[in-house]
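Notes for the one structure printed next.
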Ligand code: PEP
């Protein structure tokens, strides 16, 4: 990183398809009560809850966002939610290309890149997820897979990749309790960083989050790595105490 350039620290909760109106209110109130946090914090929630989450977090240091958006602007796309709709709810972030969407909904690198472009056009920061499966890791393909996934986003977004957040989430570590060791995660983050740095100084300043079974007891060692700028947190983000502890570990 060049002198004076700082990467933002960020911890983002991914609620996935969890929550209820009854459960969300105390979770958000407890999280608000745990502030301040040393870096940025956000929660990405199921779309139907965006209105009430926005109301609950308004005026706090905690941002909110969604977990997906359409690759189209508007029209006959039943069930889809556009990035412009997310912007209307003041979403700061939207996750795109989460491995669950890639695996369960057949999302390609190209589609994910298009979603990221729609998000940027709407003024919402895309959190672009990349990561290899266990089979790909065991075949020695981790570098090639994440480079291909990031490359598709760069090819579509050009210099605007500098306005995104990247999340490295090894698929084998998501929801499994198996975390990449700090050294394993750092090796991939460094590779992603090098690729971004070849583009422009702005790209070099993109925050790269680690995701995959981050818990209060392993967060500090992961976030302490030079190229890990925070985390994307699934299961542990549903527990206010655990999520707050992870947010506080991202100093
Ligand atoms: C995720 O869903 O992005 C994730 C990292 O999940 P977990 O923390 O539960 O592994």
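The values are calculated or read from the model by the stated rules, or taken from the named source; none is laboratory data. This structure is a prediction, so every number in the text was calculated from the model and none was measured. Every residue, glycine as well, gets a Cβ built from its backbone with ideal geometry; the counts of neighbours run over all protein chains shown.
Of all strands (runs of 3 or more DSSP E) completely enclosed by the stretch 1-69, which ones contain at least 1 residues that are touching a residue at least 12 places away in the same chain (Cβ under 8 Å) and more than 16 Å from the ligand (Cβ to nearest atom)?
Hits in the stretch 1-69: 40-44, 62-66.
Report yes if residue 116 is part of a helix (DSSP H, G or I), buried (at least 19 other Cβ atoms within 10 Å of the Cβ) and at pLDDT 95 or above, otherwise no.
Working: part of a helix (DSSP H, G or I): yes; buried (at least 19 other Cβ atoms within 10 Å of the Cβ): yes; at pLDDT 95 or above: yes.
Yes.
In the stretch 72-102, what count of residues is obtained for those that are touching a residue at least 40 places away in the same chain (Cβ under 8 Å) and within 17 Å of the chain's Cα centre (by Cα)?
So the count comes out to 10.
Yes/no per residue for (1) within 16 Å of the ligand (Cβ to nearest atom); (2) without any contact (Cβ under 8 Å) to a residue 12 or more places away in the chain:
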position: 152; (1), (2): no, no
position: 159; (1), (2): no, no
position: 170; (1), (2): yes, no
position: 177; (1), (2): yes, no
position: 198; (1), (2): no, yes
position: 215; (1), (2): yes, no
position: 232; (1), (2): yes, no
position: 240; (1), (2): yes, no
position: 243; (1), (2): yes, no
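Report whether or not residue 31 is farther than 30 Å from residue 155 by Cα, surrounded by 17 or more Cβ atoms within 10 Å (Cβ to Cβ), in contact with a strand residue (DSSP E or B) (Cβ under 9 Å, 6 or more places away or on another chain) and modelled with pLDDT of 95 or more. Don't jump to the end; show me each part of the working.
Values: farther than 30 Å from residue 155 by Cα: yes; surrounded by 17 or more Cβ atoms within 10 Å (Cβ to Cβ): yes; in contact with a strand residue (DSSP E or B) (Cβ under 9 Å, 6 or more places away or on another chain): yes; modelled with pLDDT of 95 or more: yes.
Answer is yes for this residue.
Could you list, in sequence order, all residues of the stretch 95-113 that are part of a loop (DSSP other than H, G, I, E, B) and within 19 Å of residue 209 (Cα to Cα)? 97, 98 - these are the residues of the stretch 95-113 that are part of a loop (DSSP other than H, G, I, E, B) and within 19 Å of residue 209 (Cα to Cα). Buried (at least 24 other Cβ atoms within 10 Å of the Cβ), touching a strand residue (DSSP E or B) at 6+ places or on another chain (Cβ under 6 Å) and at pLDDT 95 or above - does that describe any residue in the stretch 97-108? Yes, there is a match, as at least one residue in the stretch 97-108 is buried (at least 24 other Cβ atoms within 10 Å of the Cβ), touching a strand residue (DSSP E or B) at 6+ places or on another chain (Cβ under 6 Å) and at pLDDT 95 or above.
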